[in-house]
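Read-outs: derived from the displayed coordinates by stated rules, not from any lab. None of the values given here were measured: they were computed from a predicted structure. A quick note on method: Cβ atoms are made from the backbone with ideal geometry, for glycine too, and the neighbour counts reach across all protein chains shown.
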Amino acid sequence: MAATPSPAELREIAEKQGVFPTDEDLEAVRAFLAILLPAFEELERLVPPTAPHE
Amino acid sequence: MSLARLAGALGAGDLSPREAVEHYLRRIEAIDGELNAYITVRADEALAEADALERAHVRGPLWGVPVALKDVIDVAGTPTTAGSRILADYVPKQDAHVVVRLRQAGAIVVGKLNLHEFAYGALTTSPHFGPAHNPWAPERICGGSSGGNGAAIAADLVAGSVGTDTAGSIRIPSSHCGVTGLRPSTGLVSNRGVVAVSPSFDAVGPIARTAMDCALLLAALAGHDPGDPTSVDAPVLPYGELLGEGIRGLRVGMVTSLVDAADPQVAGSIETALGELRSLGAELVPVTVPLLEHAGTIQQAMQFQEAADAHMEWLRTRLSDYGADVRARLLVGLFLPPHVYESGRRGRARACEELRVIFERVDLLAAPTMPVLPPRIGTETVEIGGRETLYRLALIPYNSPWSLAGLPVASVPCGFVEGLPVGLALVGPRLGEPTVLRAAHAFQQATDWHERRPALATPDAGRAAPP
């Protein structure tokens, strides 16, 4: 299962897009990602790229 | 008074458009200080428009009817704040497509309604404009994001309203405020001139007192708009004229997993309502929706990135001007790899197909609009069956499945628990608005939940009701 990115990793991704969040912002984002990333991994398994329903 | 009755009274000459507008302006002045339903009241403009209507030769079906709009819908010359600091001073030069249509029908826009900042949340507790208070219990939320609509209709501060719904934003406040709302099929109503959340799912629709009111508003709102890439070229129907056939023989699929997972008292109201549908002649059948538990994930896989894209320039230049919750939600979209969006698209395609198959067996689906009662303002968690959960997570399985597939959903008041309203969701197939509204209307002909009003909405608040 993908680990939630660290604040430093998130900051780097954000800054590459011209966005400069605070530490508090990144902690709030990590709380979302902790729930979302495992759910998105499960979704990827449920509907893989070759899914016949696509 | 319902919008339908008011429109009838106006048409019969029992009162004038100016008198109708003055009536609601008095009520707003008397009551809205407690509710904060409105962000902007267009008193002078609405009165001038009422006078102009009286001089007009053509009278549309909503001639002289005062309506209010969620403050993401552009009205030329009136601020569209989106409940935000970022757009606090934005004054559009053009009406949204739906406002053009409302004006053609003869409606008068009396004001713009409070909402969750940028329509991206379900609380309507804007840090910039303050929370909207639930007319049934002012210490509680109205739901959202169209929370001001719910409050304004419940407290009779306007005859009808227009909101938006990406993942429940019409249905949630309708349920929590004891009013009737309709999320139309995605694309049936134009989104042009409306602040976007997530274009794949955004839908504009009515919130009013009754299914008939919603039908009359939808007939004015719906219609193909070549200027909106999400608009579908579907026939515009006289929805208000299609409600009278009753529901005998209608096959209604009960989404039992959603009933079972709701707060037991809410589930009790839903089961009573389903019994009422049965007594009206509907055939109830239990239904399992296969991807139900994943629907929220599928929608979020697309929605987070679409919302971030829509806000990218402000994320770069005005980040600190967002409220903390909306800022975090928007930032999430920056960190999701592109394959997440693609799995969302594949998941949506499969969910749409599975629901299409279900609608070969049933005419409608029925479920609780919300699994819980409106929580107190400032509370982030709710308790369901003794288990505490985040409110924002609890609502997702009840709302995302239908948004995901672009289906029409009505929420109708169907009971009260501890003095707070409960809503029944009636879901139709794509472009199945006539059946959804017919069932909602039949239910309201047999029940009076939609007629109950909170104490502060008594007719004499703001002086007399219209003659």
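Some observations on this one:
- For segment B:326-372, the set of trypsin sites (Lys or Arg not before Pro) satisfying both a DSSP loop assignment and a count of at most 11 other C-beta atoms within 10 Å is given as B:Arg361.
- The calculated P(r) of chain A, using every Cα pair and 10 Å bins from 0, goes 23, 38, 25, 13, 1 in percent.
- For B:Phe129, B:Phe443, the sequence from fewest to most other C-beta atoms within 10 Å is B:Phe129, B:Phe443.
- Database remark: amide H of B:Gly415 closer than 5 angstrom to the amide H of B:Val422 (H placed geometrically; neighbours at sequence offset of 5 or more, or on other chains; Pro and chain starts carry no H).
- Taking all pairs of distinct alpha-carbon atoms in the protein assembly as shown, Kirkwood radius in angstrom: 22.8 Å
- Fewest-first sequence of B:Val65, B:Val289 by Cβ atoms within 10 Å of each Cβ: B:Val289, B:Val65
- Take each residue of peptide B:343-351, count the partner chain Cβ atoms within 10 Å of its Cβ, and average: the result is 5.
- Loop-resident sites, segment B:67-133, for trypsin sites (Lys or Arg not before Pro), counting at most 15 other Cβ within 10 Å (DSSP): B:Lys93
- Each residue of segment B:84-96 is assigned a 3J(HN,Hα), and the resulting list reads 10, 6, 4, 9, 4, 10, 7, 10, x, 8, 10, 6, 4 Hz, derived from the Karplus form 6.51 cos²θ - 1.76 cosθ + 1.60 (θ = phi - 60°), x at Gly and Pro.
- Computing Rg and the Kirkwood Rh from the Cα coordinates of segment B:375-467 gives a ratio, Rg/Rh, of 1.05.
- Arranged from fewest to most other beta-carbon atoms within 10 Å of their beta carbon, A:Leu33, B:Leu315 become A:Leu33, B:Leu315.
- Given in Å, the Rg to one decimal and the Dmax to the nearest whole number for the Cα atoms of chain B are 20.3, 61.
- Amide H within-cut-off set for B:Val109, under 5 Å, with H built and near neighbours excluded: B:Val67
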